[in-house]
Amino acid sequence: MAEKTVRLKIKRQLNADSSPFWEEFEIPYGPSMNVISCLVAIQENPVTRSGKKTTAVAWECSCLEEVCGACTMIINGKVRQACSALVDNIDQPIVLEPMTKFPVVRDLVVDRQRMFDNLKKVQAWVPVDGSFDMGPGPKLKESERAVHYELSKCMTCGCCLEVCPQFEKDNDFMGAQIISQVRLFNFHPTGAALKEDRLHSVMGKGGVAECGNAQNCVEACPKEIPLTTSIAEVGRQVTLQVMKDWFLK
Amino acid sequence: MSDKRIVVIGGGLAGLMTTIRICEEGLPVDLVSFVPVKRSHSVCAQGGINAALDMQGKGDSPWEHFDDTVYGGDFLANQGPAKRMCEKAPEIVHMLDRMGLMFNRTPEGQLDVRAFGGAKQKRTAFAGATTGQQMIYALDEQVRRFEAAGQVKKWIGYDFQELIVDDTKTVRGVVVMNMNTMKLETLPATAVVIATGGPGYIYGKSTNSFINTGSVATACYLQGAKYANGEFIQIHPTAIPGSDKDRLMSESARGEGGRMWTYKDGKPWYFLEEMFPAYGNLVPRDIATRTIYDICINQGLGLDGENKVFLDLSFKDPDELDRKLGGIMEIYEKFVGDDPRKVPMKVFPSVHYSMGGMWVDAETDMTNINGLYAAGEVNYQYHGANRLGANSLLSCIYDGFVTGPAAVKYANEVKPASDYDALAEKFLGQSEKLFEQIYAMDGDENARKLHQEMAKWMTERMTVVRHNDKLEELEKKLVELRERWNHIGIADHSKVLNQEAIYVKDLQRMMELARVLTVSALHRNESRGAHYKPEFPNRDDENFLKTTIATVSEDGPKISYEEVDTSLIKPRARNYAVDKHATETEGEDK
Ligand SMILES: Cc1cc2nc3c(=O)[nH]c(=O)nc-3n(C[C@H](O)[C@H](O)[C@H](O)COP(=O)(O)OP(=O)(O)OC[C@H]3O[C@@H](n4cnc5c(N)ncnc54)[C@H](O)[C@@H]3O)c2cc1C
Ligand code: SF4
Ligand code: SF4
Ligand code: FES
């Protein structure tokens, strides 16, 4: 009996400037395999399906349990995390591609620095006075905590940006990830000290007004963050802020 | 700004907290991390962080927490630092809360706490079952503030190679590699903090990931830093075996009432509850693990004859499970396919944490290399022979409070290097030579296969049960593997993100560290905490109430010992079948 195998088709690119090409692989199947263990098998034996020697495919990972966002890529046409993509649940050949909205570094690795830079622009933090002892934090209702815990699970993976028609490689739109973080920090009793600044940073070019309300983002988010609710809420806050700015002029 | 700069290697919890403390004390930081810091492995921590906040009016206190920590660690923890850590814990939780960490709340809006292993008091604060992720995010946000203000420069995608050390044994900088271009660079430093986490990947599959190689600690060891208590590797009792890693099912599952059982004579057998009536399912990890191991391996009572037992939450209210343990419920569902709200989970022990690590001074966290500090899991200081659950997140943050100010104080006093440029040049050349060697490798050994061989040997001989003859064979094997490393062939010669070349470099270091762990275990002829030798089944305070120190030498790790600080709590027998205070009177129990 022929041994069970897994077939993969991977879009490769050897550096930022070279053109992409496809390679196919066939590796031994094992129980509870995920896309990560397929990529490890290729590392063990970097030979294509047709027997040609090649190099291992580069990819990023850290947690391997879908909490860090590192291993995000396009799997069978859908953007998701490779570590939680179980071979038994997806069609073969498994087609792997790098995300398209960020510059490719090599193979499946892209540079998502833009997401981190945007967090800086909107001051996505609680401005505490310092780490020294100042007693307990503000009291929170468990029900409110639960809502904001959902928002704070964002792992900066970029799935929501990959699927967003408004977010492009070379435009300014910040996208749902950032807008939702603005909502999170504006809500926090201490974080709210920077609310106006944050709203100003998502008011102009690249801000919340550019969202076309296509709702792709909320469907793509692996952490099931209510992104469209966040967009609506921040949109409302921005409108109020615009009026406030106008009256204070 | 000052021309003094502190380099922090690692942006997990320990690295981030250290960075914050250095910035607050006024010095700039170069923060080096090969993954974006927000993706550091600390995100995996699930269950929570310990602090004796006494939220339930049951008389908990930092002293009780300290006593649990020392007793749980089988008296090998240095008591001064462990006590200071437990005293600081409530402040630390409040600080995180102020930073916006979404801790679970009680109906009144206060911090909620839950039970964890080795403690009778509920003192673990938590954010669902993704506490580590939420903690990393809170600290990452604060560091981003300092970054926006120009006080922190991040070097993301940079891989640490080695220290730049002068002949007064003082660290002057580091050699790092930009992984995208494979170019080696030097960073000058007035002081260097290592915060690079654990070494689980040595064992292949563990609850850690591929990025936890211990390679940075090993590089420092090879340059003369002492490595302490390497034999103490924690095997967590409850993980789900996977094809790439073993995924942890947090101890908080038992903290929230989860029960462990298997079938015996056709009936459910709640073995921990029966064997350890005082602590039940919440015995410390070393004990739970040895029990499960014995039940499966020696008694053959694993489920369906396999090495698995039940961890059961299926009798609990599903809404409460989602609120308090949502993160691990999802992991089990996603990776196993069954719903743990309905059926018991199947688990088995897996390598999880290293109590051992770089040796540091008890007051300052400085290693034996001047100006070199270690913080977080990579530091050996707080947990003795066995770490209590939810104490690691605490020690990572606490270390930041120790290391940060100590490194700043040192940096403000130390004299600059006499000829930094020449020194940096020398170490850069050394690192370049190593990579030239790796790029030229064309032997017929396969690096991944060598690693698998090492992992198999280490998992068989250097985990739950240890025998001296098998450890001796293991050491020989590791020496052989290290030699075979020279005959690896590599396929990838690219100068863009060459993960193969980086891996081959790390593999060499993992082999060196594996040998340190093994030789340390070989020399400790007793059983204590996670270190268990059937030939020497008892704790032997007379000969081994001491810290193991491994130092590099031509013929492998050289072992010496150092006194343990037991100035506050007198060592007593450790027996979890009864209350921990029951063994205080001499002569009672074993
Ligand atoms: C699954 C799991 C669950 C856990 N749950 C809990 C819990 O509930 N409570 C608890 O107290 N503890 C828990 N622990 C333990 C705890 O999470 C870890 O001990 C702790 O997070 C380690 O933090 P760290 O800052 O020391 O290292 P890490 O978070 O691992 O960070 C290491 C950093 O070093 C960097 N780095 C490493 N090598 C290099 C290099 N060569 N060059 C550049 N940078 C490098 C990495 O990029 C990273 O930023 C858990 C551990 C695991 C694995
Ligand atoms: S709703 Fe807005 S942010 Fe979301 S995908 Fe559509 S355009 Fe993008
Ligand atoms: S909002 Fe969701 S999809 Fe977008 S980056 Fe965060 S976790 Fe990923
Ligand atoms: S490796 Fe962290 S999400 Fe997949």
Between the Cα axis of helix B:79-98 and the main Cα principal axis of chain B, the angle (0 to 90°, nearest 10) is 90
Span-like helices, chain A: DSSP H, alpha-carbon axial extent 15 Å or more, mean Kyte-Doolittle -1.0 or greater, which ones?
-> A:176-187, A:227-247
Calculate the tail of P(r) for the range B:164-277: the fraction of all Cα-Cα distances greater than 23 Å, expressed in %.
-> 55
Using a 1.4 angstrom probe on protein heavy atoms only, which residues from the range B:495-513 are buried by at least 30 Å² of accessible area when all chains are present rather than their own chain alone?
-> B:V496, B:L497, B:Q499
Any residue on another chain or 5+ positions along whose placed amide H is under 5 Å from the amide H of B:K264 is listed here as B:W269
How big is D, in µm² s⁻¹, for the range B:290-405 by Stokes-Einstein at 25 °C and 0.890 mPa s if Rh is the Kirkwood radius over C-alpha pairs?
-> 142
Cα to Cα, under 21 Å, and not fewer than 8 places away if on the same chain: which lysines meet these conditions relative to A:K9?
-> A:K52, A:K53, A:K78, A:K101
Do the alpha carbons of any pairs in A:K11/B:K495; B:K205/B:K346; B:K426/B:K505; B:K88/B:K122; B:K183/B:K245 sit beyond 22 Å of each other, and which pairs?
-> B:K183/B:K245
Hey, can you grab everything whose amide H is under 5 Å from the amide H of B:F75? Only 5+ residues off in sequence or another chain; H modelled, so Pro and N-termini drop out.
-> B:A385
Heavy-atom accessible surface of the range A:113-247: percent carbon and sulfur, 1.4 Å | 55
In percent, how large is the relative contact order of the range B:1-54, given Cα pairs closer than 8 Å and 6 or more residues apart?
-> 39
Folded to 0 to 90 degrees: helix B:447-461 orientation relative to chain B principal axis, Cα | 40
Hydrodynamic radius by Kirkwood, which averages 1/r over all alpha carbon pairs of chain B, in angstrom | 24.2
Using alpha carbon positions and the Kirkwood radius, the Rg to Rh ratio of the range B:423-553 is 1.08
Buried accessible area, chains B and A (both chains, 1.4 Å probe, Å² to nearest 100) = 5700
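Please give the net charge around B:V516, taking every other residue with its beta carbon less than 11 angstrom from that of B:V516, where Lys and Arg add +1 and Asp and Glu add -1.
+1
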By the rule of no other cysteine beta carbon under 4.7 Å, the lone cysteines of chain A are A:C38, A:C83, A:C154, A:C157, A:C159, A:C164, A:C211, A:C221
Expressed per residue, the solvent accessible area of the range A:5-110 in Å² (1.4 Å probe) is about 36
When all protein chains stay in place, what accessible area (Å², nearest 10, 1.4 Å probe) is found for B:S418?
-> 120
Got a sec? What order do A:K9, B:K122, A:K205 fall in by accessible area at 1.4 Å, biggest, i.e. largest, first?
-> A:K205, B:K122, A:K9
Nearest-10 value in Å² for the accessible area of B:Y398, using the 1.4 Å probe | 20
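Once you order the gyration tensor axes a ≥ b ≥ c over the Cα atoms, which shape class does the protein assembly as shown get: rounded for a/c under 1.5, otherwise prolate or oblate by comparing a/b with b/c?
Numbers: a/c = 1.24, a/b = 1.14, b/c = 1.09.
Taking the square roots of the gyration eigenvalues as a ≥ b ≥ c, the protein assembly as shown is rounded.
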Leaving out same-chain residues fewer than 8 places away, which aspartates and glutamates sit with a Cα under 18 Å from that of B:K38?
-> A:E60, A:E65, A:E66, A:D111, A:D117, A:E150, B:D30, B:D140, B:E141, B:E147, B:D159, B:E377
Of B:W457, B:W269, ordered by accessible area with the largest first and a 1.4 Å probe, the sequence is B:W457, B:W269
Sorted by accessible area (1.4 Å probe), largest first, how do B:S567, B:S392 line up?
-> B:S567, B:S392
Solvent-accessible area of B:M366 with every protein chain in place, 1.4 Å probe, in Å² to the nearest 10 = 40
What Kirkwood hydrodynamic radius do you get for the range A:113-247 when you take the inverse of the mean 1/r over all pairs of distinct Cα atoms, in Å?
-> 15.4
What shape does the range A:5-110 have by the C-alpha gyration tensor, where a ≥ b ≥ c are the square roots of the eigenvalues, rounded means a/c under 1.5, and otherwise prolate means a/b greater than b/c and oblate the rest?
-> oblate
Based solely on C-alpha atoms, express the radius of gyration and the Dmax of chain A in angstrom.
-> 21.3, 80
So the angle from the long Cα axis of helix B:62-72 to the longest Cα principal axis of chain B, reported in degrees to the nearest 10, equals 90
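Which of rounded, prolate or oblate describes the range B:236-350 when judged by the alpha-carbon gyration tensor and an a/c cut-off of 1.5? Provide the component values of the computation, followed by the final result.
Values: a/c = 1.56, a/b = 1.29, b/c = 1.21.
Prolate is the answer for the range B:236-350, as a/c is 1.5 or above and a/b outweighs b/c.
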For all pairs of alpha-carbon atoms in the range B:116-217, what percent lies in each bin of width 5 Å, listed from the first bin to the last filled one?
-> 2, 9, 11, 15, 19, 18, 11, 7, 5, 2, 0
Protein-protein interface of the range B:127-144, residues with accessible area decrease of at least 40 Å², isolated chain reference, 1.4 Å probe | B:Q133, B:Q134, B:Y137, B:E141, B:R144
Modelled FRET efficiency - R0 45 Å, B:T170 with B:V343, Cβ distances, 0.05 increments | 0.15
Rounded to the nearest 500 deg cm²/dmol, what is the calculated helix-only ellipticity per residue at 222 nm for the protein assembly as shown, with -39500 (n - 2.57) per DSSP H run of length n ≥ 4?
-> -11000 deg cm²/dmol
Can you pull out the GluC sites (Glu not before Pro) in the range A:187-243 that DSSP calls coil and that have at most 15 other Cβ atoms within 10 Å?
-> A:E224
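The values are calculated or read from the model by the stated rules, or taken from the named source; none is laboratory data. Treat the numbers as computed from the prediction; the structure is a model and nothing was measured. We place every Cβ from the backbone using ideal geometry, glycine too, and count neighbours over all the protein chains shown. Areas reflect the complete protein model, heavy atoms only, side chains present, ligands, DNA and RNA absent. Shrake-Rupley method; radii C 1.70, N 1.55, O 1.52, S 1.80 Å.
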